[in-house]
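Beneath this line is the structure, given in structure tokens, with notes to follow.
The values are calculated or read from the model by the stated rules, or taken from the named source; none is laboratory data. Everything numeric in this text was worked out from a predicted model, so none of it was measured. Here Cβ is always computed from backbone atoms with ideal geometry, including for glycine, and neighbour counts include all displayed protein chains. When the accessible area is computed, the model is the full protein with side chains, heavy atoms only, and any ligands, DNA or RNA have been set aside. Shrake-Rupley method; radii C 1.70, N 1.55, O 1.52, S 1.80 Å.
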Amino acid sequence: MVCLGNICRSPTAHGVFEKYIYDKGLSNYIKVDSAGTGDWHIGQPPDPRSLEVAAQRGYDLSKQRARQVESTDFQRFDYILAMDSTNLRDLEKQCPAQYQQNLQLFLHFGGSEYDAVPDPYYSGAQGFELVLDLVEEASNNLLAHIVKQHSLPADQ
Ligand code: 4NP
């Protein structure tokens, strides 16, 4: 899961998807991580507003610390999902040719009219609620896609 700062959107997607994986008993099959294209917040915990809105819905983001995308990420992950088109373009510039096919917009798996998760950093509380709404829907669909695509046990 990749956004700009790795303190709002991608930590939310990381925490939500991690819980969905755990709840389905698939933690031995699927690993999720997050990173930012930017370096401003390296080492910092998620934004307090993201922590709070996520906690209200039962997701614990508190152990996460921001990091920047690194070259080894492109070999390590089968799905590299960008929160918006700027993040995707930045990833495309760094990614070796053989892994470009693994890059995608996270909301490719969404179900609403949004194709990007809007950056909530300068928004009010409702921006953070919207992030959660979009992330929950796309995470549900993404998990179903991965289970099907990789023939994982579906009903644990
Ligand atoms: P994120 O949000 O990309 O969802 O983590 C942002 C966090 C920080 C900044 C921008 C977006 N910033 O400009 O510092």
Checked pairs for segment 125-137, first modelled with pLDDT of 95 or more, second surrounded by 20 or more Cβ atoms within 10 Å (Cβ to Cβ) and of a type in the set (D, E, K, R), C-beta under 7 Å and 6 or more apart or across chains, list as VAL131/ARG9
Residue ID - farthest from the ligand (Cβ to nearest atom), chosen from residues in segment 95-133 that are within 16 Å of SER34 (Cα to Cα) and assigned to a helix (DSSP H, G or I):
ASN102
For segment 48-68, give me each residue that is in contact with a helix residue (DSSP H, G or I) (Cβ under 8 Å, 6 or more places away or on another chain) and within 12 Å of the ligand (Cβ to nearest atom).
ARG49, SER50, LEU61, GLN64, ALA66
Of all residues making up segment 22-46, the number that are in a loop (DSSP other than H, G, I, E, B), more than 16 Å from VAL135 (Cα to Cα) and within 14 Å of the ligand (Cβ to nearest atom)
9
Which numbered condition trips up SER139, out of (1) more than 17 Å from GLY15 (Cα to Cα); (2) among the polar types (S, T, N, Q); (3) assigned to a helix (DSSP H, G or I)?
(1)
Just give me the residues in segment 13-37 being open to solvent by 10 Å² or more (accessible area, probe 1.4 Å) and closer than 20 Å to ASP84 by Cα, in sequence order.
HIS14, VAL32, ASP33, THR37
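For (1) among the polar types (S, T, N, Q); (2) within 12 Å of GLY5 (Cβ to Cβ), each residue gets a yes or a no:
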{"site": "ALA35", "(1), (2)": "no, yes"}
{"site": "THR72", "(1), (2)": "yes, no"}
{"site": "ARG76", "(1), (2)": "no, no"}
{"site": "ARG89", "(1), (2)": "no, no"}
Would you mind stating whether ASP119 is in contact with a strand residue (DSSP E or B) (Cβ under 8 Å, 6 or more places away or on another chain) and open to solvent by 80 Å² or more (accessible area, probe 1.4 Å)?
no
Considering segment 131-146 alone, what residues qualify as being of a type outside the set (D, E, K, R) and in contact with a Lys or Arg (Cβ under 8 Å, 6 or more places away or on another chain)?
VAL131, LEU132, VAL135, LEU143
Would you mention how many residues in segment 10-45 are of a type in the set (Gly, Ala, Ser) and touching a residue at least 60 places away in the same chain (Cβ under 8 Å)?
3
Which one of the conditions (1) within 13 Å of the ligand (Cβ to nearest atom); (2) open to solvent by 60 Å² or more (accessible area, probe 1.4 Å); (3) touching a residue at least 40 places away in the same chain (Cβ under 8 Å) does ILE7 fail to meet, given that it meets all the rest?
(2)
